[in-house]
Each structure stands twice: as structure tokens, then as C-alpha cells.
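S.K.: I'd like to ask some things about the structure below.
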Amino acid sequence: MSATQMVLPLQVPGVSTLPDLSTYDRILVAFSGGKDSICCLLRLLELGVPKGRIELHHHLVDGLSNTPVNSQISTLFDWPITESYSRKFAQAFDLPIYMSWLEGGLEREMCRDNQPKAPTHFQTPDGEQVSGGQGKPGTRCKFPAKVADLKTRWCSSYLKIDVLSTAIANQSRFNHSRTLVVTGERAQESAARAKYQSFEPHRTDRRDSPKLRRHIDHWRPVHAYSSEQVWETIQRWGVQAHPAYYLGWGRLSCQFCIFGSPNQWASNAAISPERSERLHQYEQAFQHTLDNKLSIPEMAARGKVYEAIHQNPDQLRLALSQDYTLPILVDPDTWTLPAGAFGEDAGPT
């Protein structure tokens with residue numbers, strides 16, 4: 001049975017605010033390609049939301065593929081396959097997907113030296129738009145900090161949260177209408193995320209503005225879900241997860257996430273040695289390690305390469321490519337749980 005044919009009863013774990021979804025003109029799903037954003041979409045469909053009112057928004061942390069920045073293309077942090085996987089996922093569910101990114105991605109922002117913050121690019125139904133890039137010069141030349149505070153862990157705010165806010169604030173189609181933004185943070189992930197509200201006005205909300213009347217709510221529909229409930233939902237729909245999960249990763253953020261565990265740094269050194277070395281070179285240039293105490297080689301030396309990497313060579317090849325060639329939807333009866341499904345919970349707090 002295809003995803004478009006499936007109509008399943010709602011199973012609501014825990015206590016969560018359920019907004020009246022019929023009152024929104026559109027619903028934006030912040031789609032990372034990870035299990036939680038997948039589950040967010042599946043819950044919307046199970047709740048009966050018409051696909052015509054849903055759109056996916058994916059933030060490219062390295063910038064759009066094949067976009068030159070300073071005569072180079074940044075491919076430093078994210079999984080190479082993530083953009084293609086996200087596009088193929090949207091195609092499988094017959095949904096529009098819009099890409100957005102900070103020009104030059106995380107690498108350019110990390111290396112910013114007496115330069116203004118780069119412009120934000122975002123795709124819209126009418127084409128690509130650009131905003132910003134004319135601010136005061138500033139210098140960063142350092143890694144994001146491994147803390148919950150988004151001001152110092154600026155990768156999440158600059159490359160994701162701010163990018164989506166810019167895209168919303170600069171599109172008139174969101175004015176004089178009601179929009180729901182859906183994101184996949186879960187309380188189980190960290191003490192900080194456990195304190196998030198499951199439903200609240202979005203940071204771009206301007207419902208009280210006489211001129212804009214931009215009503216934007218923010219809903220976290222899987223905030224109360226456990227990892228088991230997320231994977232049960234994904235299996236029920238027969239969704240093939242991102243290749244990183246089959247290699248042993250328990251969460252999908254950047255391949256080279258600043259919160260990576262020693263095992264992940266060891267695994268990355270094994271499968272992407274050149275990029276691991278490039279990051280270490282930045283440690284030397286910044287005269288500061290990515291971790292608070294250990295250098296990248298030191299962290300890798302303390303970990304072990306995930307066994308699933310050797311057991312799944314096809315998924316490894318796919319994860320490091322830029323073209324996702326497997327089906328997104330498979331028979332739920334033949335669906336297999338990824339090796340990393342209940343593995344290390346290393347990722348943003």
C-alpha cells in the first residue's frame with residue numbers, strides 16, 4: 001500500500017497540545033531528513049492534513065550544492081547525500097520542498113574575518129530570493145560552542161533557525177494568513193529540549209501587526225515521543241531512513257557535528273579522512289580545538305569505528321555520494337531497523 005493510500009488511526013503518546021490543523025492556510029515542516037522530521041510529516045498525514053497544504057523546508061548547512069563560494073564549494077560539514085535524500089523524500093510523498101541556506105554555509109561563517117554575515121538564500125514558489133549580506137563587518141574565526149545556548153552554539157541559529165525565519169519574513173505570501181511551522185525537537189533528546197513548549201507563537205509571528213497580520217504558530221508534534229515510537233511510526237509507513245542511520249549514527253545532524261561522540265569522530269576519520277584532516281587544520285589555524293579539551297584526532301583516538309560501516313558498504317557508498325538511488329518507500333513487512341536506531345544519542349542539545 002502506498003503512502004498516499006494509507007489512512008491510519010492517530011496514536012498520541014504522552015501529553016501534547018494538538019492545534020486545530022484545519023485553521024491553517026499552510027503547514028511548513030522543517031525537514032532535516034532525520035527520523036524526527038520524518039515522523040512529524042507522517043503524523044500530519046495520519047491526522048488527515050491534505051498534502052496540498054504541506055510544504056517541506058530543508059536548510060543546507062554547507063550551502064546549495066554546486067554553488068561556488070570564494071572559487072570553492074563548501075562540502076565540509078554535512079552528509080553529502082542529505083540534499084538528494086531530502087529531494088527524493090519529497091518526491092515520494094508528492095510534496096514541494098524548498099531549500100534555504102546561508103551563502104557559503106557553515107564553513108564561510110566559521111571563517112568570517114572582518115566580513116559581514118553572508119546573505120541568506122531561500123527558494124520560494126516563484127523562484128530563489130536573497131536577503132541580507134550588507135551588515136556590519138565582524139570576525140568569528142572559531143567553531144560553534146558545544147553548549148545549549150544558541151548564541152554561542154551559533155551553527156543551529158545561523159544555519160537553520162535564522163534562515164527559516166528570514167525566508168518567512170521576506171515572503172508576502174505569509175502575510176494576512178495563518179501558517180503553522182512544524183519542527184521535530186523531542187523532550188527525550190536533552191534536558192534543554194524537554195523544556196520547550198510543544199505549541200507557541202513562532203518567532204516570525206506578527207499577528208497583531210495591522211499591516212502584516214502574519215499569524216505564525218510553532219508546533220512540535222513529536223515532542224513527547226520516545227525513540228521507539230518514532231521508529232514504530234516510520235516502520236508503519238515503510239520509510240527508508242537516511243543512510244547515516246544504517247551506518248550506526250543514532251541521530252542525523254551534520255556528519256561532522258560538533259557534538260559528535262568519540263566513536264563518531266573515529267568513524268568519520270575512517271570514512272572521510274580528508275575532511276577530518278581539514279577540520280583539524282582549522283583547529284590549528286584558530287589555535288583552539290573544536291572540543292573544549294580534546295583535538296579532533298584525540299577524540300577519534302578514544303573511539304571505535306562503528307561496525308555497521310563495514311557491514312553496510314552500499315549504505316556507506318550512498319551516504320558519501322550526492323545522488324540517492326534507493327526507494328524511499330518500501331513494504332513495511334520487509335522494512336529493517338537501521339543499526340543506529342537506538343545507538344548513541346550524540347547530537348545538538
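Readers should treat all values here as calculations from the given coordinates under stated rules, not as data from a laboratory. This structure is a prediction, so every number in the text was calculated from the model and none was measured. Every residue, glycine as well, gets a Cβ built from its backbone with ideal geometry; the counts of neighbours run over all protein chains shown.
S.K.: Shape call for the range 147-196 from the C-alpha gyration tensor, a ≥ b ≥ c root eigenvalues: rounded (a/c under 1.5), prolate (a/b greater than b/c) or oblate?
M.R.: Taking the square roots of the gyration eigenvalues as a ≥ b ≥ c, the range 147-196 is oblate.
S.K.: Something else about it: Search the structure for amide H atoms under 5 Å from the amide H of Arg214, placed 1.01 Å from N in the peptide plane, and list their residues when 5 or more places away or on another chain.
M.R.: Residues meeting the criterion, in which the H sits 1.01 Å from N, are His176, Arg206, Arg207, Ser209.
S.K.: If you rank Lys88, Lys304 by fewest surrounding Cβ atoms within 10 Å, what's the result?
M.R.: Lys304, Lys88
S.K.: Continuing with the same structure: Divide by every residue of the chain the summed helix terms, -39500 (n - 2.57) for each DSSP H run of at least 4, and state the resulting mean residue ellipticity at 222 nm, rounded to the nearest 500 deg cm²/dmol.
M.R.: -7500 deg cm²/dmol, from helical runs alone.
S.K.: Also, quick follow-up: Based on DSSP, what percent of beta bridges with both residues in the range 49-183 are antiparallel, to the nearest 5?
M.R.: 70 percent
S.K.: If you don't mind, there's one more thing I want to ask. Using the number of other C-beta atoms within 10 angstrom as an exposure proxy, rank Arg214, Arg317 with the fewest first.
M.R.: Arg317, Arg214
S.K.: Moving on. Sorting Leu180, Leu18, Leu318 on the 10 Å Cβ count, fewest up front, what's the list?
M.R.: Leu18, Leu318, Leu180
S.K.: If you take every DSSP beta bridge whose two residues both sit in the chain, what share of them, in percent to the nearest 5, is antiparallel?
M.R.: For the chain, the DSSP antiparallel bridge percentage is about 45.
S.K.: Only bridges whose two residues both fall in the range 122-267 count here: according to DSSP, what percent of them are antiparallel, nearest 5? Before the final figure, lay out the partial values.
M.R.: Values: 7 of 13 bridges.
Taking every DSSP beta bridge with both residues in the range 122-267, the antiparallel ones total about 55 percent.
S.K.: Restricting to DSSP loop positions (anything but H, G, I, E, B) with no more than 13 other Cβ atoms inside 10 Å of their own Cβ, which trypsin sites (Lys or Arg not before Pro) remain in the range 99-194?
M.R.: In loop regions of the range 99-194 (DSSP not H, G, I, E or B), the sparsely surrounded trypsin sites (Lys or Arg not before Pro) are Lys151.
S.K.: Give the relative contact order (percent, whole number) for the chain; include only Cα pairs under 8 Å separated by 6+ residues.
M.R.: Contact order relative to length: 21 percent.
S.K.: All other residues with a Cβ under 12 Å from the Cβ of His57 taken together, and with Lys, Arg as +1 and Asp, Glu as -1, what is their net charge? Can you show the working numbers first?
M.R.: Numbers: positive: Arg26, Lys160; negative: Glu55.
Value of the local net charge: +1.
S.K.: What FRET efficiency comes out for Val147 versus Asp323 if R0 is 30 angstrom and r is the Cβ-Cβ distance? Round to the nearest 0.05.
M.R.: Values: r = 36 Å, r/R0 = 1.20.
The computed FRET efficiency comes out at 0.25.
S.K.: From the square roots a ≥ b ≥ c of the eigenvalues of the alpha-carbon gyration tensor of the chain, which class results: rounded (a/c under 1.5), prolate (a/b over b/c), or oblate? Provide the component values of the computation, followed by the final result.
M.R.: Numbers: a/c = 1.64, a/b = 1.13, b/c = 1.45.
Because a/c hits 1.5 or more and a/b fails to exceed b/c, the chain counts as oblate.
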